[in-house]
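Taking it in order: structure first as structure tokens, then the write-up.
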Amino acid sequence: MPNWRTLTCLAALAAPSLSGQAPPPDPADTLATARRHLQEWRRSIQAELMDDWGQLARYRDANARLKAPRPGEDRVVFLGDSITDIWDLAASFPGRPYVNRGISGQTTGQMLLRFRQDVVALHPRAVVILAGTNDIAGNTGPIALEDIEANLASMADLAVANGIRPVLCTVLPVHNDTEASRDYFVTRPLDRIQALDRWIRSHCEHKHLELADLHAATVDGRGQLKRALADDGLHPNAAGYAVVAPLVEAALRRALAR
């Protein structure tokens, strides 16, 4: 996804009326604004991605400094986008040897490109993969669901081939309850998120992989993300991470016990 702080600042603000009430935004205008913001963000990082599309430079030095796991250490790498990038793993999983390798704005194709460097080479026992929302938003261009699924499957296959237990997470829904959520909501259709999550659940069942079903735990009666769990409609706040962290931990326990 585009940098979450940038898009929060760019969220369209409706002018107040004489009555003090803001008129409801026009859906077509909201979508046009969101697409313009996305294009502005894509132009802002174009030079960087032309030189390093997968953004392998982000963690190269940190990976070099990271020591090999100690005997018996259950190292886990968290691979993802900004939802992972801003996740305070030390707060959610105190004392655990968990390594954060999230990069804001990334799509599954970029994560697949850096999977060997940022996951395999770190010799974890397990990897948590939380990805796909930015593909749906079109951060690196239009992409079919089948291609998102192929990228996720390839990451899981790479993990298994290298003796790493993958935990796949379903994609979080989004809500449209705040001004800051408008861009995220219109660029991430709920039906596409639901379709991708159905595939993730099915793939985990057929391949005997561990699943952390974050969507099921965070969705409300409208099919949207529960308002209390994210202020901007997409990125979990403290309450949101408090909900999803135990689900991930439980899936990791199952994976490591195999």
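The values are calculated or read from the model by the stated rules, or taken from the named source; none is laboratory data. The shown structure was predicted, so the numbers you read here are calculated from the model rather than taken from an experiment. Cβ coordinates were reconstructed from backbone atoms using ideal geometry, including for glycine residues, and neighbour counts include every protein chain displayed. Accessible surface areas use protein heavy atoms only, side chains included; no ligands, DNA or RNA. Shrake-Rupley method; radii C 1.70, N 1.55, O 1.52, S 1.80 Å.
May I ask you to say which residue of Asp157, Asp177 is open to solvent by 40 Å² or more (accessible area, probe 1.4 Å), free of Cβ contacts under 8 Å to residues at least 24 places away in the same chain and either in contact with a helix residue (DSSP H, G or I) (Cβ under 9 Å, 6 or more places away or on another chain) or assigned to a loop (DSSP other than H, G, I, E, B) (or both)? After applying the criteria, what remains is Asp157.
Considering Arg116, Arg101, Arg75, the condition of being within 30 Å of Ile143 (Cα to Cα), of a type in the set (Lys, Arg) and either modelled with pLDDT under 95 or surrounded by 18 or more Cβ atoms within 10 Å (Cβ to Cβ) (or both) is satisfied by Arg101 alone.
So that you can scan it fast, the table gives a plain yes or no per residue for (1) in contact with an Asp or Glu (Cβ under 9 Å, 6 or more places away or on another chain); (2) within 27 Å of Ala91 (Cα to Cα); (3) among the hydrophobic types (A, V, I, L, M, F, W, C):
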{"position": "Gly141", "(1), (2), (3)": "no, no, no"}
{"position": "His175", "(1), (2), (3)": "yes, yes, no"}
{"position": "Leu196", "(1), (2), (3)": "yes, no, yes"}
{"position": "Ala216", "(1), (2), (3)": "yes, yes, yes"}
{"position": "Gly221", "(1), (2), (3)": "no, no, no"}
{"position": "Asn237", "(1), (2), (3)": "yes, yes, no"}
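Among the residues examined, Arg43 does not qualify as within 26 Å of Leu152 (Cα to Cα), part of a helix (DSSP H, G or I) and open to solvent by 60 Å² or more (accessible area, probe 1.4 Å). Scanning segment 104-113 for residues that are touching a residue at least 60 places away in the same chain (Cβ under 8 Å) and open to solvent by 10 Å² or more (accessible area, probe 1.4 Å) turns up Ser104, Leu113. So, Val171, is that one surrounded by 22 or more Cβ atoms within 10 Å (Cβ to Cβ) and in contact (Cβ under 8 Å) with a residue 40 or more places away in the chain or not? Against the criterion (surrounded by 22 or more Cβ atoms within 10 Å (Cβ to Cβ) and in contact (Cβ under 8 Å) with a residue 40 or more places away in the chain), Val171 qualifies. The residues listed here are Ile136, Ile129, Ile143, Ile148; of these, the one that is at pLDDT 95 or above, open to solvent by less than 20 Å² (accessible area, probe 1.4 Å) and not in a helix (DSSP H, G or I) is Ile129.
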